[in-house]
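To start, the structure itself, in structure tokens.
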Amino acid sequence: MPPFTSKRKVSEKPQHLEKGKAKRIFSDKKKSNSLQQPQFTLREDEEELPPERCQHIQFLDCDIQVGRVVFECWHCQQGIICEYTGKPMMGEYKAHPSLIQVKIQCPNCEQTAIRLTTGQVLSTKVIPSPWQQ
């Protein structure tokens with residue numbers, strides 16, 4: 001039995017890809033129908049952006065009346081835990097309805113550590129940051 005070879009029509013020409021572009025080939029139908037995670041790479045003329053600053057936040061006990069949130073201060077990265085209660089309150093900003101944000105002051109640096117959309121903040125305590133090692 002001769003080895004398997006693919007047959008191409010005589011009028012069909014091979015397609016050449018532009019430089020830097022790859023063609024995806026899937027071996028079975030399951031892979032071609034499933035969602036694929038895109039792979040991002042930088043082109044030669046692109047520069048990598050500097051890392052953006054982020055704030056670690058974790059909400060606890062969201063399904064009970066008094067919830068807790070653990071976060072880091074935006075300014076000094078001090079760990080803080082807050083207890084809060086109530087639903088977010090609606091206000092008005094530039095004649096449009098808007099949620100009222102409660103500013104939480106950091107006990108360490110005394111600046112606004114975070115803004116929460118909640119009814120009332122019951123307590124704020126300093127803790128070691130769980131994200132810093």
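The values are calculated or read from the model by the stated rules, or taken from the named source; none is laboratory data. It should be emphasised that the depicted structure is a prediction, and the values quoted were computed from it without experimental measurement. Cβ atoms come from the backbone with ideal geometry, glycine included; neighbour counts cover every protein chain shown.
Data overview
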item: Qualifying residue in the stretch 63-73 (condition: at pLDDT 90 or above, surrounded by 13 or more Cβ atoms within 10 Å (Cβ to Cβ) and part of a loop (DSSP other than H, G, I, E, B)); result: yes
item: Residue check for residue 59: at pLDDT below 80 and among the aromatic types (Phe, Trp, Tyr); result: no
item: Among residues of the stretch 79-113, those that are modelled with pLDDT under 90, exposed (fewer than 12 other Cβ atoms within 10 Å of the Cβ), assigned to a loop (DSSP other than H, G, I, E, B) and not hydrophobic (A, V, I, L, M, F, W, C), counted; result: 2
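Okay, residues lined up against (1) of a type in the set (Val, Ile, Thr); (2) in contact with a strand residue (DSSP E or B) (Cβ under 8 Å, 6 or more places away or on another chain):
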{"position": "57", "(1), (2)": "yes, yes"}
{"position": "60", "(1), (2)": "no, yes"}
{"position": "66", "(1), (2)": "yes, yes"}
{"position": "88", "(1), (2)": "no, yes"}
{"position": "92", "(1), (2)": "no, yes"}
{"position": "95", "(1), (2)": "no, no"}
{"position": "101", "(1), (2)": "no, yes"}
{"position": "104", "(1), (2)": "yes, yes"}
{"position": "120", "(1), (2)": "no, yes"}
